[in-house]
1. Can you tell me the FRET efficiency between residue 283 and residue 251 if r is taken as the Cβ-Cβ distance and R0 is 25 Å, rounded to the nearest 0.05?
2. Using a/c under 1.5 as the rounded threshold, could you call the stretch 57-126 rounded, prolate or oblate? The axes a ≥ b ≥ c are square roots of the C-alpha gyration tensor eigenvalues, and prolate needs a/b larger than b/c, oblate otherwise.
3. What is the mean projected area of the alpha carbon convex hull for the stretch 56-326, to one decimal in square nanometres?
4. Sorting check: for 264-276, 228-240, which peptide has the highest mean count of neighbouring beta carbons within 10 Å, and how do the rest follow?
5. Based on other C-beta atoms within 10 Å, arrange 101, 177, 332 from fewest to most.
6. What nm value, rounded to one decimal, do you get for the distance between residue 233 and residue 157 when each label is placed 7 Å out toward the C-beta?
7. What is the spin-label model distance, in nm, from residue 293 to residue 310 if the labels are put 7 Å beyond Cα along the C-beta direction?
8. How many angstrom lie between the Cα centre of the stretch 155-220 and the Cα centre of the stretch 83-133?
């Protein structure tokens, strides 16, 4: 009987002590948990530090809109990795809306969800330095100094064996610049919303200059009037949305005209570099000067000298709203 009472008391004491220990452990764990949430997470700090060191720049323009020269100004400077036309192999003569792929040559679209989604995923992966695919040789040839290691590697090896050189150079760069022509402004807005590190430079050109250049390159199929109508409609929608994005993302969205860059290249190159927070050097300014001296102004306004009256009339007919929203004159 005595032994039975002893066992009961002992078990009670053990249960009581266990309960106290569990309660104290719960208090301790709660304190650690609360302290953890109060203190900055080390992983978060590291990710934040890495993201603040990097600036992603997207040059958004139109085919034959002056983007080759401006892409060179932005992408061929030090500490910058340049990604040349990553969507070229996704759609040669089309551009992407959220749920459509549209032609640049005529006012015609076809429904697609997968292709625009793939285009957005591809751009995001490129900014993370995951760059591969059939566009590598062209990127190498147009990418400038940041692709030199890849170029040396591909002299003796296949492109797929040299992708590490791309990733290494890209990851070392503070600025990652991509020239993109095959998007709509609505998709640009989606990228700005999704990517805190992204800054967009929207390059405009007089649509008559764009169309004159496209006609010279044989890019006005099926005819110049249809192609002019398609360009004018796209530019008007893009520019309308650009005005909203400029207000929403004041420090991350810049509009600039190709004609202004051609007329005052140094001033406007500095404007773009300041927007990127790029610490330009004397060498960079000399590069801009040598690149644009004389030729840029001639190219930008070459269509005025040729005066293709029929083509100008087509563009004037369909671009009246575009001229109004962009500030280009209706009559020249």
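1. On the way: r = 27 Å, r/R0 = 1.07.
Efficiency, rounded to the nearest 0.05: 0.40.
2. Oblate.
3. Approximately 14.0 nm², given one-decimal rounding.
4. In decreasing order of mean packing, 264-276, 228-240 become 228-240, 264-276.
5. 332, 101, 177
6. The modelled label-to-label distance comes out at 4.8 nm.
7. 4.0
8. After rounding, the separation between the Cα centres reads 11 Å.
Coordinate-derived values only; no laboratory data. Just so you know, these numbers come straight off a predicted model, no measurement behind them. Neighbour counts are summed over all protein chains in view; Cβ atoms, including those assigned to glycine, are modelled from backbone coordinates with ideal geometry.
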